Amino acid sequence: VQLQASGGGLVQAGGSLRLSCAASGMLFRIATMEWYRQAPGEQRDLVASIQSGGDTIYADFVKGRFTISRDNVKRGVYLQLNSLQPEDTAVYYCYTKYSQRQFWGQGTLVTVSS
């Protein structure tokens, strides 16, 4: 299993970014896919989760600003980040648990300037 994340960058407060994660080596359509983030010196926290059927879960800090989605044909999971704030600055990772193993993407850095 390989997860390849992309889409991070530098954005001003109030701006938007769209993160993408391309999956390979797995039966993507049956997997729950998740996005985590880790700020410098902080623990890695769950941001959003999407199940195979499309049900979603969000962390409280998202507050309606982020949207997770998936495309089972393209084997991709996406995270739309809106109304970004400096406290959203972090490395964002895609993640899945598949065949009882955990897999992480390499992370993509999101930097929000004030």
Yes/no for G41 being loosely packed, with under 14 Cβ neighbours inside 10 Å and not in a strand (DSSP E or B): yes
Near pairs, Cβ below 6 angstrom, 6+ apart or cross-chain, from segment 44-62 (under 18 Å from R18 (Cβ atoms)) to any residue that is not in a strand (DSSP E or B): V47/A59
Selected residue (only one of V62, V91 is among the β-branched types (V, I, T) and touching a strand residue (DSSP E or B) at 6+ places or on another chain (Cβ under 6 Å)): V91
Answer residue from segment 67-114, given it is assigned to a loop (DSSP other than H, G, I, E, B), among the small types (G, A, S) and over 21 Å from S24 (Cα atoms) and is modelled with the lowest pLDDT among those: S114
Segment 44-81 - residue that is open to solvent by less than 30 Å² (accessible area, probe 1.4 Å) and over 22 Å from G9 (Cβ atoms) and, of those, nearest to the chain's Cα centre (by Cα): S49
Residue match in segment 7-22 (condition: touching a helix residue (DSSP H, G or I) at 6+ places or on another chain (Cβ under 8 Å), open to solvent by less than 50 Å² (accessible area, probe 1.4 Å), in a strand (DSSP E or B) and not acidic (D, E)): no
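The values are calculated or read from the model by the stated rules, or taken from the named source; none is laboratory data. Keep in mind that this is a model prediction, so the values were computed, not measured. With ideal geometry, Cβ positions are generated from the backbone for all residues, glycine too; neighbour counts draw on all protein chains shown. When the accessible area is computed, the model is the full protein with side chains, heavy atoms only, and any ligands, DNA or RNA have been set aside. Shrake-Rupley method; radii C 1.70, N 1.55, O 1.52, S 1.80 Å.
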